[in-house]
Amino acid sequence: MKKLQQGQIFTIVQPALPNDRTALVNYVLNTHYADVKKRSGFDLPDTPSVLAWFVYMDGNTHGPTEEYLWQNEILPNGYIREKYVSDGEYVPKLWQIKMRKSFLPYRLAFCLSPDGKSGDKSCKFMGAYMLDGFETDDTTVTRYKRVADTFWLGRAYDEEELEEIFLKDPKHRKPIEELDLKFKFDQLKYVSQLLRLQTIEMRDRFILLNTLINHYRY
């Protein structure tokens, strides 16, 4: 197992094949990806509900294609803002992805190029973050809050352990029954667990998305 500590810096040196980002991700996560140049999120092998998130957090626009352009920035008091800035015609496609997959609420945040000049060769572990709320009705601006300064890679966290780490705010532990939904969810207790939408039938997802946005809207 590898202990991640908030503020920890990871740096690769040449040669870095096939590219710097792939080498960096494999070095940090102990993985063996062939090429991740166009990816920023990676499920943990031992705890797939937690996303390892490698992005620039300088507030500038970054992304692999015109369809997936983002501005991420570090805010005061342990927050990160993620803003989708591609042309409006791509927003429906973004929603389709969220309806098919999830909001990926549990994140280990890694800031690429923390010194502003090392690019994909270096990253800084910012901590474990939980989706905290939406600043817009279309969810193109999302805010995450740091909930833990340490995390163990290579450890298979069970559901109760993940809840203790990520669901500290009372709004995340609101009982599902209080949403007064017309459909039921077996083995789920909290509103925050509904953010993992892949567990839900497609016919119910649009209704649920709007309910979650209302609950988490700033």
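Note on the chain: with a GNM built from Cα contacts shorter than 10 Å, the maximum mean-square fluctuation among 170, 18, 48 falls on 170.
In a DSSP loop and with at most 10 other Cβ atoms within 10 Å, the trypsin sites (Lys or Arg not before Pro) in the range 77-184 are 117, 182, 184.
Taking 30, 77, 19 as the candidate residues, the one with maximal mean-square fluctuation in a Gaussian network model of the chain, Cα springs under 10 Å, is 77. The H on the amide N of residue 55, modeled in the peptide plane, is under 5 Å from the matching H of 110, 112, each at least 5 residues off or on a different chain. Placing unit charges on each Cβ (+1 for Lys and Arg, -1 for Asp and Glu) gives the range 110-218 a dipole about its Cα centre, and among 128, 116, 213 the Cα reaching farthest toward its positive end belongs to 116.
The GNM of the chain, with springs linking C-alpha atoms under 10 angstrom apart, assigns the highest mean-square fluctuation among 167, 179, 44 to 179. Please identify the chymotrypsin sites (Phe, Trp or Tyr not before Pro) of the range 50-86 that satisfy two criteria: DSSP loop assignment and at most 10 other Cβ atoms within 10 Å. Which are they? Those that pass, being in a loop and sparsely packed, number zero. In the structure shown, the pairs 2/171; 3/83; 145/174; 38/145 are assessed against 23 Å; a Cα-Cα span above that value is assigned to 2/171; 3/83; 38/145. Diffusion coefficient of the range 1-81 by Stokes-Einstein, Kirkwood radius over Cα pairs, 10 °C, 1.306 mPa s: 111 µm²/s. Counting only DSSP beta bridges whose two residues both lie in the chain, roughly 85 percent are antiparallel.
Each Lys or Arg adds one and each Asp or Glu subtracts one; over the other residues with Cβ under 13 Å from the Cβ of residue 25, this totals +1. Net charge of the neighbourhood of residue 143, taken over other residues with C-beta under 9 Å away and scored Lys/Arg +1, Asp/Glu -1, is -1. Here the Karplus relation 6.51 cos²θ - 1.76 cosθ + 1.60, evaluated at θ = phi - 60°, turns the backbone of the range 34-41 into coupling constants of 7, 6, 10, 3, 9, 10, 10, x Hz, with x for every Gly and Pro.
Projecting label points 7 angstrom from Cα along Cα→Cβ for residue 185 and residue 171 puts them 1.6 nm apart. Just to confirm my numbers, what's the Cα centroid distance between the range 11-27 and the range 170-185 in Å? Value for the Cα centre distance between the two parts: 43 Å. In the chain, the DSSP-assigned H stretches of four residues or longer account for a calculated mean residue ellipticity at 222 nm of -6000 deg cm²/dmol, using -39500 (n - 2.57) per stretch and the full residue count as denominator. Taking the Cα centre of the range 2-169 as reference, the dipole from Cβ charges on Lys and Arg (+1) and Asp and Glu (-1) amounts to some 500 debye.
Each reported figure results from applying straightforward, stated rules to the coordinates on display, with no laboratory input. As the structure is a prediction and not an experimental result, all values here were calculated from the model. Every residue, glycine as well, gets a Cβ built from its backbone with ideal geometry; the counts of neighbours run over all protein chains shown.
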